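Written out below as structure tokens is the structure these notes cover.
Only the coordinates and a few stated rules stand behind these numbers; no lab work does. Given the structure is predicted, the values throughout are model-derived calculations rather than measurements. Using ideal geometry, Cβ is built from the backbone for each residue, glycine included, and neighbour counts are taken over all protein chains shown.
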Amino acid sequence: MTTITSITTEDRTEWLALWNGYLSFYESELDEEITAATFERLVDSHSGIHGALARDENGAAVGIVHWLTHPATWTTADYCYLEDLFVAPDVRGGGVGRALIAHVRGWAEQHGSAKVYWLTAESNTTARGLYDHVASRSGMIHYQIGLD
Ligand SMILES: CC(C)(COP(=O)(O)OP(=O)(O)OC[C@H]1O[C@@H](n2cnc3c(N)ncnc32)[C@H](O)[C@@H]1OP(=O)(O)O)[C@@H](O)C(=O)NCCC(=O)NCCS
């Protein structure tokens, strides 16, 4: 059985292992200061960044999800953006990812958000296999301007 709880300072080591797994999945590296700042904001209830950790029946950390909300012009309610989702490779396919998304959905409902949304790579067929079950595609294409 999966248990999902808010990330706390005590979770730092387990969170870090999952976060590093997530960065590796994206073949990315971040400065240690950024990772440290991200964790600080996750455990700071006033930062606006939220995180939850999934544990298996033995208490082992097996997944993380991070999200934030922002105001919107098309509604007076906030939108909830799910930014990061990662499940440990050895427990994939067991419903942890689905449970983490459901957790964010529940949080967003409780906090009056108008919707939960997220981005994924078109090529991420595994993640999309899950997303097609729990959400609908917006049809939007993502553009960006990187600023130094
Ligand atoms: C995407 C990810 C979070 C899914 O986590 P998970 O715990 O394996 O997902 P679940 O077990 O809850 O998946 C449920 C559904 O997703 C689909 N799914 C899961 N793994 C799949 C796979 N390998 N191939 C195809 N579909 C898959 C299935 O439809 C499954 O439904 P079912 O249980 O009815 O068969 C996980 O694969 C992961 O961490 N991947 C690497 C990081 C990543 O891609 N993150 C998302 C970035 S946007």
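Overview of results
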item	result
The chain: most fluctuating residue of 101, 34, 64 per GNM, C-alpha cutoff 10 Å	34
Relative compactness, the range 3-134, computed as alpha-carbon Rg over 2.2 N^0.38 Å	1.03
Length released on extending from residue 32 to residue 147, taking residue separation times 0.36 nm less the Cα-Cα span	39.3 nm
Share, in percent, of DSSP beta bridges within the chain that are antiparallel, nearest 5	85
Residues 78, 44, 11 arranged by fewest to most Cβ contacts within 10 Å	44, 78, 11
Sparsely packed chymotrypsin sites (Phe, Trp or Tyr not before Pro) within the range 47-148, loop by DSSP, other Cβ within 10 Å at most 14	74, 143
Distant-in-sequence amide H partners of residue 72 (H built 1.01 Å from N, under 5 Å)	79
Relative contact order, percent, the chain [alpha-carbon distance under 8 Å, six or more residues apart]	20
